[in-house]
Amino acid sequence: MIASGPKLKSGKVPKALRPATGDREPELEICLGRGFLAEPNRRRQAVREPQRELTVLRTVFEHIRVRGVPGLVAWHTPNENTRNIGQGIRRGVADVCLLHRGLFYALELKISGRTPTADQLAFIDNVNSAGGYACWCCGLDAALHVLEAWGLLKGAAA
């Protein structure tokens, strides 16, 4: 969906929004259906990284569904862009939370070149201090290795 650029009362596009070459208006588009505007080339950059992490997350949950040990409970808490912290939502909750035989596990997933935020590291530390098991890892292979080491997946990844 393409939206026209903002205009002044005179009908002209503000100078700051004009392209460096020519007088044509920059094309703006609604980004991810969330109602904010971004230049098309910036949108592609901003969306590419989360999609790769989302792909790893989905693949991890597919392995859990197929290879998870009996009695394993696993979930993802979608609070990445939440502003309602006062409603019991906690920043930094790991991407994959698991419960098995009374033990709590938390796994924060990252893609190459990324590291956890301070809130995510605090959550990992809190889980480990409370007697659970938590860590962060980089990439799908590392995530599957951690879940196998914790004894939560049957077999080994190919």
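Structure data summary
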{"read-out": "Some residue of segment 85-94 being of a type in the set (Gly, Ala, Ser), over 18 Å from the mean Cα position of the chain (by Cα) and in a loop (DSSP other than H, G, I, E, B)", "value": "yes"}
{"read-out": "Test: residue in segment 108-127 that is among the aliphatic types (A, V, I, L, M) and within 18 Å of ARG58 (Cα to Cα)", "value": "yes"}
{"read-out": "Complete set of residues in segment 101-145 that are within 17 Å of LEU72 (Cα to Cα) and either outside the structural domain of ARG58 (by TED's automatic domain parsing) or within 14 Å of the chain's Cα centre (by Cα) (or both)", "value": "LEU107"}
{"read-out": "Residues of segment 119-129 satisfying the condition of being free of Cβ contacts under 8 Å to residues at least 24 places away in the same chain and of a type in the set (Gly, Ala, Ser)", "value": "SER129"}
{"read-out": "Checklist (1) on the phi > 0 side of the Ramachandran plot; (2) of a type outside the set (A, V, I, L, M, F, W, C); (3) crowded, with 16+ Cβ neighbours inside 10 Å applied to GLY102, failing item", "value": "(3)"}
{"read-out": "Pick from segment 59-98, criterion modelled with pLDDT of 95 or more and among the basic types (Lys, Arg), ranking: surrounded by the most Cβ atoms within 10 Å (Cβ to Cβ)", "value": "ARG67"}
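The values are calculated or read from the model by the stated rules, or taken from the named source; none is laboratory data. Here the structure is a predicted model, which is why all the values come from computation and not from measurement. Backbone-built Cβ (ideal geometry, glycine too); neighbour counts: all protein chains shown.
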